[in-house]
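Notes for the one structure printed next.
What follows draws every value from the coordinates through simple rules; no lab data is involved. What you see is a predicted model, and the numbers here were worked out from it, not measured in a lab. Here the Cβ is made from the backbone with ideal geometry for all residues, glycine too, and neighbour counts use every protein chain on show.
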Amino acid sequence: HIARGMNYLHSLEKVVLHRNLNSKNLLLDDGGKVKISDFGWSCCKVDLGKTFHVSWEWVAPEVLGGGEFSEKGDVYSFAMVAWEVLTQSKPFEGMNPMQMGFAVGSQGYRPPVPADAPKGLSELIGACWHDQPQQRPSFASVLGKLQALELMGDDGR
């Protein structure tokens, strides 16, 4: 499960930030379990700096604006992946990186969550892509909310 794997990375003594969490970096094993891949942009929290990102659609607004990456940036990226899975659409389709960066970073735009989406999931996505990073939940909290929503199977997928 994505949130479980990210919670593990964020709970290590030296916190590991993925910094490029997106659907292109998620793999399914033979048992259908999701595996997080492509740690080329990842780093320990103590090694943070401003970096160039290529997967703009999943990057948090504070990073788009030139700020530093944190655990909350990974949480934002998770929300974009959840939206993508829910809608079966690529985020910000039809926008170039400049348009998307302005809409997300300056105007607070997020893609619309379908009206028929489960209310709890819609609220969780909204919390995870909040404009203010400090207002976003931790992955431990995300896991708890997903379990409460019964979106995870008995084997944790």
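How large is the convex hull of the C-alpha atoms of the range 2-148 per residue, in Å³?
Values: hull volume 17.6 nm³, N = 147.
Convex hull of Cα atoms, per residue: 119 Å³.
Within the range 2-148, what is the number of lysine pairs with alpha carbons under 21 Å apart, leaving out pairs fewer than eight places apart on the same chain?
Close lysine pairs found across the range 2-148: 16.
Tabulate in residue order the Karplus-calculated ³J(HN,Hα) for the range 7-13, using 6.51 cos²θ - 1.76 cosθ + 1.60 with θ = phi - 60°, rounded to whole Hz; enter x for Gly and Pro.
Using θ = phi - 60°, the values come out as 4, 4, 4, 7, 9, 5, 4 Hz.
Which ³J(HN,Hα) values, rounded to whole Hz and listed in residue order, are derived for the range 56-72 from phi using the Karplus coefficients 6.51, -1.76 and 1.60 in 6.51 cos²θ - 1.76 cosθ + 1.60 with θ = phi - 60°, glycine and proline given as x?
3, 4, 9, 8, 5, x, 5, 6, 4, x, x, x, 7, 7, 9, 4, 5
How big is the charge dipole of the range 71-124 about its Cα centre, in debye rounded to the nearest 20, if each Lys and Arg gets +1 on its Cβ and each Asp and Glu gets -1 on its Cβ? All intermediate terms of the calculation are to be shown ahead of the outcome.
Numbers: 4 positive and 6 negative charges, 21 e Å.
Computed charge dipole of the range 71-124: roughly 100 debye.
Which whole number of Å³ per residue matches the convex hull of the alpha-carbon atoms in the range 91-133?
Values: hull volume 3.2 nm³, N = 43.
Given the Cα convex hull of the range 91-133, per-residue volume reads 75 Å³.
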